[in-house]
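See below for the structure under consideration.
Every number in this text was worked out from the coordinates using simple rules, so none of it is lab data. The shown structure was predicted, so the numbers you read here are calculated from the model rather than taken from an experiment. Please note: Cβ atoms are built from the backbone with ideal geometry, for glycine as well, and neighbour counts cover all protein chains shown.
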Amino acid sequence: MSEMTVHPVLPALPVLFSVRGWTEEVNPAYITFIDEMRATGVEVIDTYVSPVGLPDFGAWAQAVVDQIDRHHQWPAPLHLMGYCLGGKLGLVVVRELEARGAAPSYFGIIDTFDTTAARRLSIGIDSLYEVPWRKRLQLLAARMVPPDGERFGAIVRSVLRRSQRSVRELPARGWRSRKRRDPATFTELRLTFHWGVKRIVTPGHCYNTTEMIKKLDAGDPSLNMGKYLSGGFSITRIEGSHENCIAPPHSTDLIARINADRRAVVAGTGPFQ
């Protein structure tokens, strides 16, 4: 009589709520990614709320929380995930959930990054998205804060260089860089750059492409998101670029890693247990 092979029983996974920052037209690849993830046998609820007409990033996050409330079976564990802008929005969603005492047991962010104040100035983001001058000055002042504080003179020189570039570019790009704006993404990014994201205590599983780590590391391979994750974070390096890490063939390995991390959380064996 041949021996029977016994396969381990994998823990069942809760529904995964995927917070999406872009419309399907702007980022169709992510819709395909969600479908590919569902094909592995897990249930994923695509969670998208249009930000049009909303006053700020916090109101956008609250609208997402309301949508999650309508679909999640409380008090079952909540798993949450976001890619790119969806991950940044997910941070604010998690903060809202923490305030309710309903923090997710798993929070994953795929190649979500934060732009440093120096880089924002260098590429003219605050002008492009009409960030108020008071916030711009706050960001410049933050550049002097230790341990990586810059000298006042260096900051002033960077402001003057950006001002000179702006004057030279003005004939081509127009006032407030209107010719550089993408109408399909302007509303979302304007809310993002106007808002000051606060820290959360829920741990974060960060899945970052090596390409973006090299580009935006600045001493923090979490792509500068670590400063928002007071409860700790893990970093998993993934293959591909920011744009194609969620597309085949890279998506196959990424989905396997996410599912494995979620199973570890359910089993109580993850890095934060």
So, over other residues within a Cβ distance under 12 Å of ILE31, counting Lys, Arg +1 and Asp, Glu -1, the net charge is -3
Considering amide H positions built from the backbone, and no H for Pro or chain starts, which residues 5 or more places from THR209, or on another chain, come under 5 Å of its amide H? ASP111, ILE238
Explain nothing, just compute: Karplus ³J(HN,Hα) = 6.51 cos²θ - 1.76 cosθ + 1.60, θ = phi - 60°, for every residue of region 192-207 in order, whole Hz, x for Gly and Pro. 4, 6, 7, 9, x, 5, 9, 6, 10, 9, 6, x, x, 9, 9, 10
Enter the angle in degrees (range 0 to 90, nearest 10) between the Cα long axis of helix 28-38 and the first principal axis of the Cα atoms of the chain, meaning the one along which they spread out most. 20
Report ³J(HN,Hα) in whole Hz for each residue of region 258-264, in order, from the Karplus equation J = 6.51 cos²θ - 1.76 cosθ + 1.60 where θ = phi - 60°; Gly and Pro get x. 5, 4, 5, 5, 5, 5, 5
Mind listing the long-range amide H neighbours of PHE233? Cut-off is under 5 Å, sequence gap 5 or more, other chains count too, H placed in the peptide plane at 1.01 Å from N. GLY204
Leaving out same-chain residues fewer than 8 places away, which lysines sit with a Cα under 19 Å from that of LYS227? LYS88, LYS135, LYS198, LYS214, LYS215
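What trypsin sites (Lys or Arg not before Pro) in region 87-185 are in a loop by DSSP, with at most 12 other Cβ atoms within 10 Å of the Cβ?
ARG100, ARG151
Among HIS194, HIS71, HIS242, HIS205, rank each residue by its count of other Cβ atoms within 10 Å, from fewest to most, as a rough exposure measure.
Details: HIS194 16, HIS71 10, HIS242 19, HIS205 24.
Listed from fewest to most nearby Cβ atoms, that is HIS71, HIS194, HIS242, HIS205.
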Can you work out the Karplus-derived ³J(HN,Hα) for every residue in region 229-242? Use 6.51 cos²θ - 1.76 cosθ + 1.60 with θ = phi - 60°, whole Hz, and x for glycine or proline. 9, 5, x, x, 7, 10, 10, 10, 7, 10, 8, x, 9, 4
In degrees from 0 to 90, rounded to the nearest 10, what is the angle of the helix 133-142 Cα long axis to the longest principal axis of the chain? 70
Scan around ILE45 for amide H atoms under 5 Å from its own, H built in the peptide plane at 1.01 Å from N, and keep only partners 5 or more places away or cross-chain. LEU16, PHE17, SER18
Computed P(r) (all Cα pairs; region 117-191; 10 Å bins; percent): 17, 48, 28, 7
